[in-house]
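Asker: Provided herewith is a single structure, encoded as structure tokens, for subsequent inquiry.
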Amino acid sequence: MSAADKNSSPYSDLTSANGHDNPGLPHHRPRRADVDKKAGKRAERQTALLFAISIVGTVIAIWAYFGLDIGDGGDVAAIQQINMWIGIGVFLAMIGIGLGAIHWAKTLMRDHEMVEERHELRSSDEARAGAIQNLKDGAEDSGLAGVERRGLLKGTLITALAIAPLSVLVPQIGNMGGDWNVSKFRHTIWGPGVRLARDPDGALIKASDVTIGSVFHVIPDGLHDLDHAAMMNEKAKSVVLLVRLDPKDLNVQQGREDWSFDGIVAYSKICTHVGCPVALYEQQTHHLLCPCHQSTFDVANGAKVVFGPAKRPLPQLPIAVDDEGYIVAQADFDEPIGPSYWDRLKGGDDTAVEEETR
């Protein structure tokens, strides 16, 4: 850098704290696209190709969502294939725009070193005019405005930006509105006499199998007799945790005096916050912990919330023991399981009333 260049630097009159002169800005080295029109056109085509890849990715994601057959919802391989192609499409849609923007900036847009002196918060009129001029120069450099407009880049960029969100939004919005029958959330396949079985093998559970402090992950007997899609839907609502406490530690809730058996209680495994599986039991405190957001429920006290964002206790499944010693349900849950939703009601469909705020 010449002495004249150093003297022209805005910081030429400053000396750093260690006594060395400010070296100024390094000499600007033009890029090939700055001095060679062919190189500039080549960089433009490369950038347009990246934006085109983004467009193709969006098309792939939408095609995978609408074009591939998911069957009855129980074909795991088909679901995996659809998710794979949607994922590939979303990846290409996003990476194409990202890499295209980076390549555009690095090869075609202005790369001159810019220096701004410290000044008061309000910019001077000259600085404001300079900022506006920089924006105009940037628009001209990018080819979006000015004499040398890059129509190909503009068209591919606008198309890619316009349709890229569809690769994410279409699959999400397309899954809405399929079934608005919210009464399905109010009922599970639990009912009078349905035996409790181990998850996942389906072995029936006797009261004598449940010792104090033990925990069983439970599904309704007969769940595996359903077809795969129905089984998965019902299991998502019906999973239960079965725990046995010392009867003297159990604080039986009013109106639920006959819902347990000799210290054995059963509660929904679905957290009332956002529906994660509550599966961590601390025997000494009788607390159930949801690993997602740390909501904690007291099994000894009606599974009421003692910590975390959940607002309601876990629904309790009333149980009894049949003549053969197997644990059975007395009825379905008396309230909808899982997190709250707009039409969450208590009671049956015919006599439902608005749930009281707890």
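Bear in mind that the values in this text are calculations on the coordinates, not laboratory data. The structure displayed is predicted, hence computed values, not measured ones. When we count neighbours, we look across all protein chains shown, and the Cβ atoms used for this are built from the backbone with ideal geometry, even at glycine.
Asker: Sequence gap of 8 or more, or different chains, plus Cα separation below 28 Å: how many lysine pairs satisfy both in segment 184-354?
Answerer: Pairs that pass both the separation and distance tests number 27.
Asker: Could you please rank Cys290, Cys276, Cys271, placing first whichever residue has the fewest other Cβ atoms within 10 Å of its Cβ? List each step's numbers first, then the result.
Answerer: Numbers: Cys290 25, Cys276 17, Cys271 28.
The order, fewest Cβ neighbours first, is Cys276, Cys290, Cys271.
Asker: Here's something else I'd like to know. log10 I(q)/I(0), Debye, Cα-only segment 29-174, no solvent, q = 0.17, 0.21 Å⁻¹?
Answerer: -0.94, -1.16
Asker: Using C-alpha positions alone, give me the convex hull volume of segment 184-354 per residue in cubic angstrom. Don't skip to the end; give the middle numbers.
Answerer: Values: hull volume 20.8 nm³, N = 171.
That works out to 122 Å³ per residue.
Asker: Excluding residues fewer than 8 places away in the same chain, name every one of the lysines whose C-alpha is closer than 28 Å to that of Lys154.
Answerer: Lys37, Lys38, Lys41, Lys106, Lys136
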